[in-house]
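S.K.: Got a structure for you, questions after.
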Amino acid sequence: HIAYPATQSYPDIGYAVLGPRWGKIVAVALYAYFFFVLGNYAQVLTQSLQGIFSTSQLCMPHFGLIVTLCLLPFIQLRSMHSLSGLAVVSAVTIFTPLALCVAAIVKHAPTPRPVVPSGVPAGTSFLDAMESFTGILFAYSGQSIYPNLLSEMRKPEEFAYSLSAAAPVLVGSYFVAAAVGVYYLGSGAPHFLMDVLEDEWMRQI
């Protein structure tokens, strides 16, 4: 953005640096990426809401519909500035569940279990594989909006400092949660990390 002030997204950068053809290719790639990531995002929200109301008779599609309706007002926002308050909420909803999961794992599995190398588990379907793949993409999906953030900053040259401070915290938090899960649960670590929350009050939080 500093070199090309008019750019506000990765497709804009593609147009400015590589020309219209590559700009369109980048746009298609980016929106395909959003398609997969948002599907995983909706699934995570649905599973989380279902976990909060675990005694409810509603099934996952019903919770998915509730999640969709709750998201509708927020997806009308069209600038990073209008989302600044939600960024704090987002950070809390990332780090609080991770901390609860780590605490639950240490509490209920005090004895480390072995990890049995098995490669891709038998019976893994294409949908299972895609769910895992998009889950990784979802965890680091923030990088897809870096140009948008830069375009709205008063001092875009300071973005590197913000990124240098935030990225290690985010990656470190994911690493600690994964390392604790593998160390204590071994091959028995659940596919959905929130499943380690056996206490009802923890799941509701």
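The values are calculated or read from the model by the stated rules, or taken from the named source; none is laboratory data. Just so we're clear, the structure is a prediction, and the values are computed from it rather than from any experiment. So basically every Cβ, Gly included, is an ideal-geometry build from the backbone, and we count neighbours across all protein chains shown. Calculation scope for accessible area: heavy atoms of the full protein, side chains included, ligands and nucleic acids excluded. Shrake-Rupley method; radii C 1.70, N 1.55, O 1.52, S 1.80 Å.
S.K.: Name the pairs: first residue in region 68-90 and closer than 20 Å to residue 9 by Cα and of a type outside the set (Asp, Glu), second residue assigned to a loop (DSSP other than H, G, I, E, B) and open to solvent by less than 80 Å² (accessible area, probe 1.4 Å), Cβ to Cβ under 6 Å, at least 6 apart or on different chains?
M.R.: From region 68-90, the pairs are 83/77.
S.K.: Against the condition surrounded by 13 or more Cβ atoms within 10 Å (Cβ to Cβ) and modelled with pLDDT under 80, how does residue 39 come out, does it pass?
M.R.: It is true that residue 39 is surrounded by 13 or more Cβ atoms within 10 Å (Cβ to Cβ) and modelled with pLDDT under 80.
S.K.: Let me ask another. What number of residues in region 9-25 are closer than 17 Å to residue 147 by Cα, open to solvent by less than 40 Å² (accessible area, probe 1.4 Å) and without any contact (Cβ under 8 Å) to a residue 60 or more places away in the chain?
M.R.: 3
S.K.: Could I ask something else about it? If residue 6 passes every condition in (1) open to solvent by 40 Å² or more (accessible area, probe 1.4 Å); (2) at pLDDT below 85; (3) under 21 Å from the mean Cα position of the chain (by Cα); (4) closer than 20 Å to residue 144 by Cβ but one, which one does it miss?
M.R.: Result: residue 6 fails condition (3) only.
S.K.: What do you reckon, is residue 47 out of contact with any Pro (no Cβ under 6 Å at 6 or more places or on another chain), crowded, with 18+ Cβ neighbours inside 10 Å and touching a residue at least 24 places away in the same chain (Cβ under 8 Å)?
M.R.: When the stated conditions are applied, residue 47 does not pass them.
S.K.: Right, here's the next one. Does residue 32 satisfy being under 17 Å from the mean Cα position of the chain (by Cα) and among the small types (Gly, Ala, Ser)?
M.R.: Yes; evaluated as a whole, the condition is true for this residue.
S.K.: Can you name every residue in region 137-168 that is open to solvent by 50 Å² or more (accessible area, probe 1.4 Å) and more than 24 Å from residue 38 (Cβ to Cβ)?
M.R.: Answer for region 137-168, where residues must be open to solvent by 50 Å² or more (accessible area, probe 1.4 Å) and more than 24 Å from residue 38 (Cβ to Cβ): 153, 154, 155, 157, 158, 160, 161, 162, 164, 165, 168.
S.K.: Might you check whether a residue that is surrounded by 12 or more Cβ atoms within 10 Å (Cβ to Cβ), in contact with a Phe, Trp or Tyr (Cβ under 9 Å, 6 or more places away or on another chain) and among the hydrophobic types (A, V, I, L, M, F, W, C) occurs anywhere in region 73-83?
M.R.: yes
S.K.: Considering only region 35-64, how many residues are under 19 Å from residue 11 (Cα atoms) and touching a Ser or Thr at 6+ places or on another chain (Cβ under 7 Å)?
M.R.: 2
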